[in-house]
Structures are given as structure tokens and as C-alpha cells.
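Okay, so here's the structure we're looking at.
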Amino acid sequence: MKGLIGRKIGMTQLFDDAGSVVPVTVVEAGPCVVLQKKELSRDGYDALQLGFGPQKNQRINKPMRGHMAKAAKGSFKVLREFRVDDIAEYELGQELKLIDVLKEGDKIDVTGDSKGRGFSGVMRRWSFAGTSRTHGTHEYFRHGGSIGNRSYPGKVFKGKRMAGQSGNVRVSVQNLEVVGIRAEQNVLLIRGSVPGSRGGILLIRQTIRG
């Protein structure tokens, strides 16, 4: 399995052998504990449910506390599933560390929730160009323009790009390179940026681009 749950710490930079600056994102990845094994015969697919980040028992409801107790590894803040080819290789309560899953040079896909930017206009949300600032234009510089016609279509089509909530959506960045691993600290260094703010939860998987 090439996947772990992580937490974004922030960004920094490294220098390669040629002396060039390499921007990297620092991620605390794992250790993750196997809390449940999903089987093809029972659940319709093979997957592992992993737990990440310790949590106090009193902050977990009783049904979930009983679910996590089967692994005998305590309670966790974050639970996520990862598809695997063969679940027989894993045991309930098994701890998966960074060095067990990834190595330097691997290509990964990182999924997280992007930063929320609140109610935004069309120029910020959709990169509209705005309108002319000459020839008598008044208070219309950042507007989106016409959104329909009169008799046809007589309505606004669904999906019309307009002002509204921007950001705070699930985003995946593909084919990122692992440039460093600090095994003793469970820290992963990824070339480039990843979605979300500092402290955000990330899903790190082997890339699907090949």
C-alpha cells in the first residue's frame, strides 16, 4: 500500500546539488494504525481504515470508541480509507510508518481541503477579466456581465459562473515528488505546494499517473 494520512506543517526550501533552490512542503505523515479491514467478500472492496493523530477518549462518542477499541491502540482524531490489493498482508492494530510506505524519489498524489476565501467576486473566483475602465463606464469594473437573455433562454443556466463561496473544496495535486524523508520525526518533504492551510489534514497516495 502506498498511502498515509498526514498533517501539513508549512513550507520551506532546500538546495540541490547544483545549488538551486527547491521549494518544499513539510508534512507530518503517520504513523497510522490499521483500525479496520474491508474485505471484497463482505464489503464489496478491499481497503484499510487507518487512524491518525491521538485523541482523548472523552472526546470520542461511545460507538466510535468501541470501534477503535478492536485495534487496542487508543483513539484517533482522523479516520480515512485506502484501497489495497491484498489485505492479508496487514493486521488489525498494525502501525504503518513513513519509511514503510514511501521513499525518496517516489511520485505521490496529495489530497486536502483548499483554503476558504469566503464570498468572492467573479474576478477572484473565476479569473474574469472585468470590463473597460474608459468610455463612460461607471461602477461596473469588476462585474461579471450579462448572465442570460430575455425570451431565450428566459432563465439562468445551472452552473453559471457567478460570485459566491470561493475555496474550501477538496483538491488533489498529482505527481508530486518526495525529495526527503526524516524518519525519526515522521516528516515528509514534498517538492512544491499542496492544498490547504497549516495544520490541515492531507491524504498521501501513490500517484495514479504512472
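The values are calculated or read from the model by the stated rules, or taken from the named source; none is laboratory data. Just so you know, these numbers come straight off a predicted model, no measurement behind them. Cβ placement follows ideal geometry from the backbone for every residue including glycine, while neighbour counts extend to all protein chains displayed.
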Given (1) closer than 23 Å to E39 by Cα; (2) β-branched (V, I, T); (3) at pLDDT 90 or above, number of the condition V101 does not satisfy: (3)
Residue match in segment 96-103 (condition: within 28 Å of G196 (Cβ to Cβ), in contact (Cβ under 8 Å) with a residue 60 or more places away in the chain and within 16 Å of the chain's Cα centre (by Cα)): no
Test: residue in segment 180-195 that is assigned by TED's automatic domain parsing to the domain that holds K8, outside any loop (DSSP other than H, G, I, E, B), over 19 Å from F52 (Cβ atoms) and touching a strand residue (DSSP E or B) at 6+ places or on another chain (Cβ under 9 Å): yes
All positions within segment 50-67 that are in contact with a strand residue (DSSP E or B) (Cβ under 6 Å, 6 or more places away or on another chain) and more than 28 Å from R182 (Cβ to Cβ): N57, I60
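Could you tell me which of the residues A71, A47 is aliphatic (A, V, I, L, M) and within 24 Å of V178 (Cβ to Cβ)? It would help to see each step written out before you state the result.
Working: A71 fails: within 24 Å of V178 (Cβ to Cβ).
After applying the criteria, what remains is A47.
Residues being of a type in the set (A, V, I, L, M, F, W, C) and free of Cβ contacts under 8 Å to residues at least 40 places away in the same chain: count how many of those fall in segment 153-210. Please lay out each step first, then the result.
Just the residues of segment 153-210 that are of a type in the set (A, V, I, L, M, F, W, C), to begin with: 156-157, 162-163, 169, 171, 173, 176, 178-179, 181, 183, 187-190, 194, 201-204, 208.
When the remaining residues are screened for being free of Cβ contacts under 8 Å to residues at least 40 places away in the same chain, the result is 156-157.
Final tally of qualifying residues: 2.
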Index of the failed condition, G66 passing every other in (1) over 23 Å from G10 (Cβ atoms); (2) in contact with a helix residue (DSSP H, G or I) (Cβ under 7 Å, 6 or more places away or on another chain); (3) part of a helix (DSSP H, G or I): (2)
Condition check for I208: of a type in the set (V, I, T) and assigned to a strand (DSSP E or B): no
Set G136, G144: member being touching a helix residue (DSSP H, G or I) at 6+ places or on another chain (Cβ under 8 Å), among the small types (G, A, S) and either at pLDDT below 95 or not assigned by TED's automatic domain parsing to the domain that holds G112 (or both): G144
Which numbered condition H138 fails, given (1) outside any helix (DSSP H, G or I); (2) surrounded by 10 or more Cβ atoms within 10 Å (Cβ to Cβ): (2)
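When you go through G10, G44, G53 one by one, which is the residue that is of a type outside the set (K, R) and assigned by TED's automatic domain parsing to the domain that holds G192? Show your work before the answer.
On the way: G44 fails: assigned by TED's automatic domain parsing to the domain that holds G192; G53 fails: assigned by TED's automatic domain parsing to the domain that holds G192.
Testing whether each residue is of a type outside the set (K, R) and assigned by TED's automatic domain parsing to the domain that holds G192 leaves just G10.
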Conditions (1) farther than 16 Å from R205 by Cα; (2) surrounded by 15 or more Cβ atoms within 10 Å (Cβ to Cβ): number failed by L50: (1)
Residues satisfying the stated conditions in segment 152-174, i.e. in a strand (DSSP E or B) and surrounded by 13 or more Cβ atoms within 10 Å (Cβ to Cβ): S166, G167, V171, S172, V173, Q174
Segment 1-19 residues that are of a type in the set (S, T, N, Q), paired with ones that are outside any loop (DSSP other than H, G, I, E, B) and surrounded by 10 or more Cβ atoms within 10 Å (Cβ to Cβ) (beta carbon under 7 Å, 6 or more apart): T12/V24; T12/V26; Q13/V22; Q13/P23; Q13/V24
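Yes or no: segment 19-36 includes at least one residue that is in contact with a Pro (Cβ under 7 Å, 6 or more places away or on another chain) and surrounded by 14 or more Cβ atoms within 10 Å (Cβ to Cβ). Full working, then the answer.
Residues of segment 19-36 that are in contact with a Pro (Cβ under 7 Å, 6 or more places away or on another chain), as a first pass: none.
No, segment 19-36 contains no residue that is in contact with a Pro (Cβ under 7 Å, 6 or more places away or on another chain) and surrounded by 14 or more Cβ atoms within 10 Å (Cβ to Cβ).
Please find, within segment 80-131, the residue that is surrounded by the most Cβ atoms within 10 Å (Cβ to Cβ) out of those that are among the acidic types (D, E) and outside any strand (DSSP E or B).
Initially, segment 80-131 is screened for residues among the acidic types (D, E), giving 81, 85-86, 89, 91, 95, 100, 104, 106, 109, 113.
Adding the requirement that they be outside any strand (DSSP E or B) leaves 85-86, 89, 91, 100, 104, 106.
On the way: D85: 8, D86: 8, E89: 10, E91: 10, D100: 15, E104: 11, D106: 17.
Of everything passing the filter in segment 80-131, D106 is surrounded by the most Cβ atoms within 10 Å (Cβ to Cβ).
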